[in-house]
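S.K.: The structure is given below, and queries will be raised subsequently.
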Amino acid sequence: MSAAQFIPKKNTNSVEKVSFKWQTPSNIALVKYWGKSNPQIPKNASISFTLKNCHTITTIEFSKKETSTDVEFDLFFEGKKKEEFKPKIAEFFKRVAEYCPYIFDYRMTIHSENSFPHSSGIASSASGLSAIAMCLMSLENVLNSDLTQEFISKKASFLARLGSGSASRSVEGPLVVWGNHPKIEGSSDLFGVQFPYKVHSVFENYQDAILLVDKGEKQVSSTVGHNLMQNHPYAENRFVQANDNLAKLSKILQNGDIKAFVNLVESEALTLHAMMMTSNPYFILMKPNTLEIINKIWEYREENNSNICFTLDAGANVHVLYPEKEKEKVNQFIDNQLSKYCQKNHYICDTVGFGAKKL
Ligand code: PMV
């Protein structure tokens, strides 16, 4: 499949004014994407759990313009006009313009809000950009009514990817693979696909408690981080390892070997951070409390014969992952022993979800 399939044919319908509202989720990678080439092509395949409670809700109102020269839009975040968020969205529209030429024909008014606090350290680019991509696809579906549901999901993921790689994994759920991988049927560098095999019941309704250790602005933007994988001394081995890990995780997800899951997921998280520590410039995104939490999780796992584990994004927050049947005990453990390491004792209980929802 090539990107050219996403360039639309001439519109079959027309519309003057229309509005769409979508809710799209955040996601948490189990095998991490870190390193890319142009245009947003991953150096290795990745897989994530789609989340349920951490999401963005975006409405776009499209009003037909007289002339179709520039992309014109207004952006409101949580009810307030946000000029400072516009350049990122303008860049996104620039990247998708070839595939969505209809954006030149409409003035767009975008209203967006997140279910999680903006300054929580939870990346909003995945849910935010996938929500805009879904709204664009809703318009495209009105203009060309012969689109299939499968095409709409694929193209939405393709568009979201052009904004932020991990956003390609925020259209569907509960597990999404992005990046071409020989052992995952249908996988592609161009868009995310649902994990195509039957998943063992132990991974159903998996829990993710996000411990907000550091709510500050990202120390290193992900663009800078990905670029540091160029000329990185361990990059090539890392890309091979990630693809091997995805092959292993695919089997684990099917056979329910939860001990192997715990080992692989934690190793992936620490390897991502090891890549950051061994790049040049180097950086440490974990905070002392990140390590306190990790050690407490290891202690708890040992003492309770639990299958709790952690993963990390490119930041200090800790995602605590555990099976649904441990929910009650682990939530108590988090409340009693981990929440004190979070800013203002703040953490978010989430669970695996099923992707974008039209509202
Ligand atoms: O989508 P980006 O460019 O913000 O990169 C995200 C990278 C990680 O969150 C660190 C890992 C991943 O696979 O989500």
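S.K.: Looking at segment 152-244, what strands (runs of 3 or more DSSP E) fall wholly within it and have at least 2 residues that are under 30 Å from Ser306 (Cα atoms) and open to solvent by less than 20 Å² (accessible area, probe 1.4 Å)?
M.R.: The strands (runs of 3 or more DSSP E) meeting that bar are 175-178, 207-211.
S.K.: Search segment 342-359 for residues that are under 21 Å from His118 (Cβ atoms) and open to solvent by less than 70 Å² (accessible area, probe 1.4 Å) and pair each with any residue that is in a loop (DSSP other than H, G, I, E, B) and among the β-branched types (Val, Ile, Thr) when their beta-carbon atoms are under 9 Å apart and the residues are at least 6 apart or on different chains.
M.R.: That search, which allows pairs on different chains as well, returns Cys342/Val213; Ile348/Ile122; Ala356/Val171.
S.K.: Only one residue in Ile89, Ile110, Ile122 is β-branched (Val, Ile, Thr), within 17 Å of the chain's Cα centre (by Cα), under 16 Å from Thr59 (Cα atoms) and not assigned by TED's automatic domain parsing to the domain that holds Lys215, so which one is that?
M.R.: Of the residues listed, the single one that is β-branched (Val, Ile, Thr), within 17 Å of the chain's Cα centre (by Cα), under 16 Å from Thr59 (Cα atoms) and not assigned by TED's automatic domain parsing to the domain that holds Lys215 is Ile89.
Conditions tested, residue by residue: (1) more than 12 Å from the ligand (Cβ to nearest atom); (2) in contact with a Phe, Trp or Tyr (Cβ under 9 Å, 6 or more places away or on another chain).
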residue: Ser14; (1), (2): yes, no
residue: Trp22; (1), (2): yes, no
residue: Asn27; (1), (2): no, yes
residue: Lys36; (1), (2): no, no
residue: Lys43; (1), (2): no, yes
residue: Ser48; (1), (2): no, yes
residue: Thr56; (1), (2): yes, yes
residue: Phe62; (1), (2): yes, yes
residue: Lys65; (1), (2): yes, yes
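S.K.: Hey, can you tell me all the residues within segment 250-272 that are within 13 Å of the ligand (Cβ to nearest atom) and buried (at least 20 other Cβ atoms within 10 Å of the Cβ)?
M.R.: Val265, Glu268, Ala269, Leu272
S.K.: Hey, another quick one. Answer with yes or no whether Leu51 is farther than 19 Å from Pro117 by Cα and either open to solvent by less than 10 Å² (accessible area, probe 1.4 Å) or not in a strand (DSSP E or B) (or both). First the steps, then the outcome.
M.R.: Details: farther than 19 Å from Pro117 by Cα: no; either open to solvent by less than 10 Å² (accessible area, probe 1.4 Å) or not in a strand (DSSP E or B) (or both): yes.
Here the answer is no, as Leu51 does not meet what is asked.
S.K.: Within segment 55-111, how many residues are of a type in the set (Ser, Thr, Tyr), in a strand (DSSP E or B) and in contact with an Asp or Glu (Cβ under 6 Å, 6 or more places away or on another chain)?
M.R.: Residues meeting the conditions: 1.
S.K.: Just checking, how many residues over segment 112-145 are hydrophobic (A, V, I, L, M, F, W, C) and free of Cβ contacts under 8 Å to residues at least 24 places away in the same chain?
M.R.: The qualifying residues number 1.
S.K.: So for segment 70-79 (the condition being surrounded by 15 or more Cβ atoms within 10 Å (Cβ to Cβ), under 30 Å from Tyr206 (Cα atoms), in contact (Cβ under 8 Å) with a residue 24 or more places away in the chain and away from the ligand (no atom under 16 Å from the Cβ)), does at least one residue qualify?
M.R.: No.
S.K.: When segment 1-33 is examined, which residues are found to be without any contact (Cβ under 8 Å) to a residue 40 or more places away in the chain and open to solvent by 70 Å² or more (accessible area, probe 1.4 Å)?
M.R.: Lys10
S.K.: Could you list, in sequence order, the residues of segment 290-313 that are within 19 Å of Lys327 (Cβ to Cβ) and within 16 Å of the ligand (Cβ to nearest atom)?
M.R.: Phe310, Thr311
S.K.: State which residue pairs qualify: first residue over 17 Å from Ser48 (Cα atoms) and inside segment 249-260, second residue assigned to a helix (DSSP H, G or I) and charged (D, E, K, R) in any location, beta carbons under 9 Å apart, and separation of 6 or more residues or different chains.
M.R.: Filtered contacts from segment 249-260: Asp257/Lys251.
S.K.: Shifting gears a bit: Show me the helices (runs of 4 or more DSSP H) entirely contained within segment 256-359 in which 2 or more residues are under 26 Å from Ser166 (Cα atoms). Full working, then the answer.
M.R.: Values: elements: 258-277, 288-304, 327-333.
Fully inside segment 256-359 and qualifying: 258-277, 288-304.
The values are calculated or read from the model by the stated rules, or taken from the named source; none is laboratory data. Predicted model, so just to flag it, every value in this text is computed and none were measured. Ideal geometry is used to build each Cβ from the backbone, glycine not excepted, and the neighbour counts take in all protein chains shown. Each accessible area value is taken on the protein alone, full model and side chains, heavy atoms only, with ligands, DNA and RNA left out. Shrake-Rupley method; radii C 1.70, N 1.55, O 1.52, S 1.80 Å.
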